[in-house]
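Notes to accompany the following structure.
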Amino acid sequence: MRSKRLRVLVATSALLWCIASVTSAQEATAPKGLIESGKLTYGTAASFAPFEFTRDSKPTGFDIEFAAAIAAKMGLQPNIMNMEFKGLIPALQGKRVDIINSAMYINPQRAEQVDFIPYMRIGNEIVVQKGNPHKIKSRDDLCGLRVAVTLGAIEETYAREVAKNCLTAKKQEPQIITLPTAQDSALSLRQSRADALFDSTPGAVELVAQLPEVYEIAGQTFEANTQIGIAVRKGDADMKQAVEKAMQAVVKDGTYVSLLKKYNLPATGSLF
């Protein structure tokens, strides 16, 4: 009887090992048509802390570590292509990168060009100089002022919506200053070339935490249910499925939550 039980236990253990092996193999399966064999090549604009930025000349941040974990589940090495944000979708469409991993806000215009795998929910903030010299309390107070945004980012869309609202209210439009990176926007505000800037809630909190004597957040969080996601080429079902499966594995093993904590991102932003 004991021998029979032992055989059952051995057989059960073997079955569990096989299941685990299959699961592991599924997680490590690389999608077809990679730009470079053995690597997950992705485009990012490493100028958007805490998601992607450079430290000691190396890309770092939540997205950088998140992508490394996703690539590992596919059995691939991450291959980072750092570029201006406005060039990300053209690079994906031109097959110079496999995916976009750059805290890209999901909106209808972009969804017409790429397919998204959402992974986080975040809001947006108005950042002003310390002391809020223009007494800005909301986006309604930006008429006639200068607003800095990252060229091609969702914040530019929000700024142009403000401009339309100002015209509707028969007020002067804000001057929208489009710049290559979020750091450029912050510098323009610091140097008084802009009166305010739009940034994600995590990005704004990071900026104020680093330079509390220079910046502060004005008013309330807006567009608080915006989602960000990894982008793949339109209709590329194989890549999308592979990224989704790897992402689910990264969430399951606790890496996602650990990264949220590491980069001081709110747990309420999780989509999982």
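The values are calculated or read from the model by the stated rules, or taken from the named source; none is laboratory data. Predicted, not measured: the structure shown is a model, and the values here were computed from it. All Cβ positions, glycine included, derive from the backbone under ideal geometry; neighbour counts span all protein chains shown. For accessibility, only protein heavy atoms count, side chains too; no ligands or nucleic acids. Shrake-Rupley method; radii C 1.70, N 1.55, O 1.52, S 1.80 Å.
Bridges between two residues of the range 22-161, per DSSP, are antiparallel at a rate of about 35%. Spatially, the range 59-129 and the range 35-51 are offset by 7 Å when compared through their Cα centroids. The figure for residue 171 is an accessible area of roughly 110 square angstrom, using a 1.4 Å probe on the protein chains alone.
Helix 201-210 and the longest principal axis of the C-alpha atoms of the chain enclose an angle of approximately 70°.
DSSP bridge analysis restricted to the chain gives an antiparallel fraction near 60%, rounded to the nearest 5. So which of 234/261; 58/240; 86/170; 137/240 end up more than 29 Å apart by C-alpha? Exceeds cut-off: 234/261; 86/170; 137/240. DSSP beta bridges confined to the range 129-272 are antiparallel in about 10 percent of cases.
Using the Cα gyration tensor of the range 111-244, with a ≥ b ≥ c the square roots of its eigenvalues, what is the shape: rounded (a/c below 1.5), prolate (a/b larger than b/c) or oblate (neither)? Please list the in-between numbers first.
Working: a/c = 2.33, a/b = 1.67, b/c = 1.39.
Prolate.
Distance from the Cα centroid of the range 141-217 to that of the range 239-272 is 29 Å (rounded to whole angstrom). Rolling a 1.4 Å probe over the heavy atoms of the protein chains gives the chain an accessible area of 51 Å² per residue. Once amide H atoms are built 1.01 Å from N in the peptide plane, which residues 5 or more positions from residue 126, or in another chain, come under 5 Å H to H? Hits under the 5 Å cutoff: 218. When the solvent-accessible area of the chain is split by element, carbon and sulfur atoms take up 53 percent of it, the probe being 1.4 Å. Between residue 138 and residue 267, the FRET efficiency from the beta-carbon distance, with R0 = 22 Å, is close to 0.25. Per the Kirkwood formula applied to alpha carbons, the range 169-264 shows a radius of gyration over Rh ratio, Rg over Rh, of 1.08. The string of couplings for the range 253-269 from the Karplus curve (6.51, -1.76, 1.60, θ = phi - 60°) is 7, x, 5, 4, 5, 4, 6, 4, 5, 4, 9, 6, 9, x, 4, 5, x Hz, one whole number per residue in order, with x for Gly and Pro.
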